[in-house]
There are 2 protein chains.
Amino acid sequence: MSQDQSMANAFVPGKAVLSPTDEALLKRRTRALGPAYRLFYEEPFHPVRGEGVWLYDQEGNAYLDAYNNVACVGHCHPRVVEAMAAQASLLTTHTRYLQNNIVDFAEDLLSSFPGELSQIMFTCTGSEANDLALRIAQVKTKGTGIIVTENAYHGVTLAAAAMSPSLGAGAPKNENIFKIPAPTGRKEVDEAEIFRANVEKALDEMAARGIRPAALFIDTIFSSDGIFSHPKGFLKPAVEAIRAAGGLFVADEVQPGFARTGEEMWGFARHGVVPDMVSMGKPMGNGYPVAALVIRPDVIADFGNQTRYFNTFGGNTTAIATATAVWSIIREEGLLQKTLQIGKAFRAELEGVAKGSDVICDIRGSGLFIGVQITGEDPRARTSRLVNGLKKKRILISASGPDGDVLKIRPPLVFDARALDFFMTGFDEVLKDI
Amino acid sequence: MSQDQSMANAFVPGKAVLSPTDEALLKRRTRALGPAYRLFYEEPFHPVRGEGVWLYDQEGNAYLDAYNNVACVGHCHPRVVEAMAAQASLLTTHTRYLQNNIVDFAEDLLSSFPGELSQIMFTCTGSEANDLALRIAQVKTKGTGIIVTENAYHGVTLAAAAMSPSLGAGAPKNENIFKIPAPTGRKEVDEAEIFRANVEKALDEMAARGIRPAALFIDTIFSSDGIFSHPKGFLKPAVEAIRAAGGLFVADEVQPGFARTGEEMWGFARHGVVPDMVSMGKPMGNGYPVAALVIRPDVIADFGNQTRYFNTFGGNTTAIATATAVWSIIREEGLLQKTLQIGKAFRAELEGVAKGSDVICDIRGSGLFIGVQITGEDPRARTSRLVNGLKKKRILISASGPDGDVLKIRPPLVFDARALDFFMTGFDEVLKDI
């Protein structure tokens, strides 16, 4: 494994002393999985069990998981496992046979979207959903130009990786991709106007190079750019700009979707816009590989007439049963409201700590997606010390942003007062030592 | 849903009278899932339960599944469901933490490959595995030219769909894709030499257009081209040709892999070649979305140094536990040997029927992947009548080939003598009525 400057919080072999068993495992792992895999943390984490917001290592030590958004309703939620196993015992099959549960779930999930967004297609991963969105956008607009932010991440297929500058210099080259600066995060400027102007500038460059616009892809909370959440609504003029040029707006909700932001079920809704397509994934099956793309019928019409889409596992009966359970839990346990409340409390506590600190200069985010901007000398190294210091306190987070200087805090949505207390106790101690 | 001439055995709305409940479901389905989804059969099938090689409809009627290769060890195999549920109850997490089971499984699975193929990367779908193979091939060779057969299918990502002419005229255009004729299937010709010459011709065209070769992608049993299995070894000169030009050979084992051909665990081995990369998927998790790419270390080295690969669900602990169970069952139940035997018996029975028939002109395949070439006037329509006639006899198969004139028979590997008997009884009757 080589050092990867483009990835914050990457494990660098040789920097830490591992236990003999983990050292041996790591050696076998590198040999069998090859050089493209990365691990997190100076000393890699080796969990063996999960429950709620907690992960346990081999010695039974509990780690607070303040990072994994996949296990949104809590690690190993029994009702999700039960729904998955029950369906897998009965039937697992595909979308070329008639099935009730895919239609029931599709209708139910679509009811959480504005009416124009009334059709859904199922894939296995967020990468596949974004890749499909690109295919559909190309057919609908007859354009190829794509606008993304400078440190965006939209997936790992060839097409999605080319839209993901956060992958670093090794990301696939594609002359149809136009990068714009992420939001500034500065409260004194007109974020909406600056972002719109950046989209316009990219559209001008596109026009100058004779490339017709296809879409603006935006992760509506800018997860890899450093987490930019406010002011609400700042995306609106940029969305109007891409549409005025004949392009589509694709909201990548793989990270901000499914109640994560606390204020709305989907991140785009915080900005008062209705996308042309919405991709989603990670938390959708609480770990089961299931993802989707929600679309306006007039956007998918040409694609559907010209070609077909079949994804062997996408929308299979067990994927749908699992996603149905997760979706029910999110609503029945009131996780949107709970996320809003605990997220507010979380940011208030962090604000309190930040006041007396010269390490933190900004706290951003919404609900349980929080970015803590680190400042001072070598903020990247400082961020790394904080992330790894927290790990020693048995608290798991990671880092974000092109400079790796933003703490990325994104726990399961069942994060509660006890978890918050555990987090803040550890955080205070680590901050003092920095 | 529009009529799709490029897809054999596609349901065409309005041609058959459905039950009122299925008609209502279909209407809701079309409204919610949009126009890109297709169903099989004149009258769509609506299974509600599966067990072994049998699928059951709402009235409890048993249908012989002679088509689904995903449920390779049988629908809803209890040991697979148990392994999946047990791991999902314990921990589902990703490859950026250390995990034992992914390393154990990787080593075990790799032991079924020739020694040079010693590294593996996990994805969720065969599409993602082929897409990743393309990315790696581009980095390794610094080329972009790809050779595929005229009716190939390699997946649904933008890059993989462009390598899939079987998707029809609506497949994404890509000037780097060069199509060559599928094998002829004719016994009197030198299949190896013809196929090699076609690869050479594509390489010449590539050179003429200044495109550097990256890879030859071959489904080693030509699943969508019409199923071409013999003579064994006919791929070898073509593989030598692509390598001589500096390109790689990628064996797409998504359909022929995991014992399907009965003779070898992997289809490429029947041809006495060792690929540079091998993709696999469909049967790997018996329905759980898990897929992989096996690679030679020198092929992945540059890619791994330049960039990283992370797939949120790819190789997660539950995917691996499920795939481990499937892999164990394949070997412990001796499914390779059983597939060889029952496949031979199956083809012998079909040969017997073919002798007295002017409908069948060739029977191809290996193990439990069988292609039956239909002949006579309008073979496409005849094939469709056979497929739909068998469905009325409660036997599920589909069709293959650019002209939709090949019966595609590809049952779960636990297909047994009773299943064969049921199949042949129905087949005899349908053939008489044709």
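Readers should treat all values here as calculations from the given coordinates under stated rules, not as data from a laboratory. All values reported here derive from a predicted model rather than from experimental measurement. In this analysis, Cβ positions are derived from the backbone assuming ideal geometry, glycine residues included, and neighbour counts consider all displayed protein chains.
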Within 10 Å of each Cβ in B:116-127, the average number of Cβ atoms from other chains: 5
- prompt: Using all Cα-Cα distances in segment B:46-121, what percent lands in each 10 angstrom bin from 0 up to the longest?
  reply: 15, 29, 31, 20, 5, 0
- request: Rank the residues A:364, B:260 as a footprinting-exposure proxy: fewest other Cβ atoms within 10 Å of their Cβ go first.
  value: A:364, B:260
message: Check which residues have an amide H placed less than 5 Å from residue B:52's amide H, if you skip close sequence neighbours.
response: B:75
statement: With the label set 7 Å along Cα→Cβ, residue B:179 is separated from its counterparts in the other copies, in nm and shortest first, by 3.7
- prompt: Mind checking the dipole of segment B:1-160: about its Cα centre, +1 per Lys or Arg Cβ, -1 per Asp or Glu Cβ, Debye to the nearest 20?
  reply: 640 debye
- prompt: For the charge dipole of the protein assembly as shown, defined by +1 on Lys and Arg C-beta atoms and -1 on Asp and Glu C-beta atoms about the Cα centroid, which residue among A:98, B:309, A:61 has the Cα displaced farthest towards the positive pole?
  reply: B:309
- prompt: Each residue of segment B:286-295 in order: what ³J(HN,Hα) in whole Hz does its phi give by Karplus 6.51 cos²θ - 1.76 cosθ + 1.60, θ = phi - 60°, with x for Gly and Pro?
  reply: 6, x, 6, x, 8, 8, 7, 10, 9, 9
For residues of A:45-51, the mean tally of beta carbons on other chains within 10 Å: 5
statement: The cysteines in the protein assembly as shown that find no other cysteine Cβ closer than 4.7 Å to their own Cβ are A:72, A:76, A:361, B:72, B:76, B:361
query: Taking springs between alpha-carbon atoms closer than 10 angstrom, which of A:233, A:246, A:34 fluctuates most in the Gaussian network model of chain A?
result: A:34
- line: Whole-percent tail of the Cα-Cα distance distribution for segment B:315-434, cut at 20 Å, equals 46 percent
- request: Go ahead and set up a Gaussian network model of chain B, Cα springs under 10 Å, then flag whichever of B:371, B:185, B:60 fluctuates most.
  value: B:60
- request: Please turn the phi angles of segment A:405-412 into ³J(HN,Hα) values with the Karplus equation 6.51 cos²θ - 1.76 cosθ + 1.60 (θ = phi - 60°), one per residue in order, whole Hz, x for glycine and proline.
  value: 10, 10, 6, 10, 10, 7, x, x
message: No solvent, one uniform scatterer per C-alpha: report log10 I(q)/I(0) for segment B:148-276 via the Debye equation at q = 0.19, 0.22 1/Å, two decimals.
response: -1.09, -1.44
query: Other chains' Cβ within 10 Å of A:155-168 residues: what's the mean?
result: 5
field: Calculated label separations, residue B:331, copies of the chain, 7 Å along the beta-carbon direction, nm
entry: 4.6
- prompt: Dipole of segment B:1-40 (Lys/Arg Cβ +1, Asp/Glu Cβ -1, origin at the Cα centre): which of B:34, B:18, B:6 lies farthest to the positive side?
  reply: B:34
query: When the distances between all Cα atoms of the protein assembly as shown are binned every 20 Å from zero, what whole-number percent does each bin get?
result: 16, 50, 30, 4, 0
message: I want the local charge near residue B:42. Using Cβ-Cβ distances under 12 Å, sum +1 for each Lys or Arg and -1 for each Asp or Glu among the other residues.
response: +3
- line: When the charge dipole of segment B:78-332 is computed with +1 at the Cβ of Lys and Arg and -1 at the Cβ of Asp and Glu, the Cα pointing farthest to the positive end, of B:226, B:144, B:286, is that of B:144
task: Could you give the size of the charge dipole of segment A:323-379 about its Cα centre, using +1 on the Cβ of each K and R and -1 on the Cβ of each D and E, expressed in debye and rounded to the nearest 20?
output: 340 debye
query: In whole Å and largest first, what semi-axes does the C-alpha gyration tensor of segment B:1-40 yield when each eigenvalue is scaled by 5 and square-rooted?
result: 17, 13, 7
- prompt: What are the residues whose amide H is under 5 Å from the amide H of residue B:248, where those residues sit 5 or more places off or on another chain and H is modelled from the backbone?
  reply: B:215, B:216
query: So for segment B:78-332, what percent of the C-alpha to C-alpha distances run longer than 34 Å?
result: 15 percent
query: To the nearest 20 debye, what is the magnitude of the charge dipole of segment A:250-406 about its Cα centre, counting +1 on the Cβ of each Lys and Arg and -1 on the Cβ of each Asp and Glu?
result: 640 debye
message: Using helices alone, I'd like the mean residue ellipticity at 222 nm for chain B: each DSSP H run of four-plus residues gives -39500 (n - 2.57), total over residue count, nearest 500.
response: -12000 deg cm²/dmol
- request: Amide H neighbours of residue B:63 under 5 Å, at least 5 residues apart or on other chains, H built in the peptide plane: list them.
  value: B:55, B:56, B:57
- line: Over all pairs of different Cα atoms in chain B, the reciprocal of the mean inverse distance gives a Kirkwood radius in Å of 22.3 Å
message: Can you say what percent of the DSSP beta bridges in the protein assembly as shown, counting only those with both residues inside, are antiparallel? Round to 5.
response: 65 percent
- prompt: Each residue of segment B:311-318 in order: what ³J(HN,Hα) in whole Hz does its phi give by Karplus 6.51 cos²θ - 1.76 cosθ + 1.60, θ = phi - 60°, with x for Gly and Pro?
  reply: 10, 2, 9, x, x, 5, 4, 6
task: Taking a label point 7 Å out from Cα toward Cβ, give me the nm distances from residue A:13 to the same spot in the other copies, shortest first, one decimal.
output: 5.6
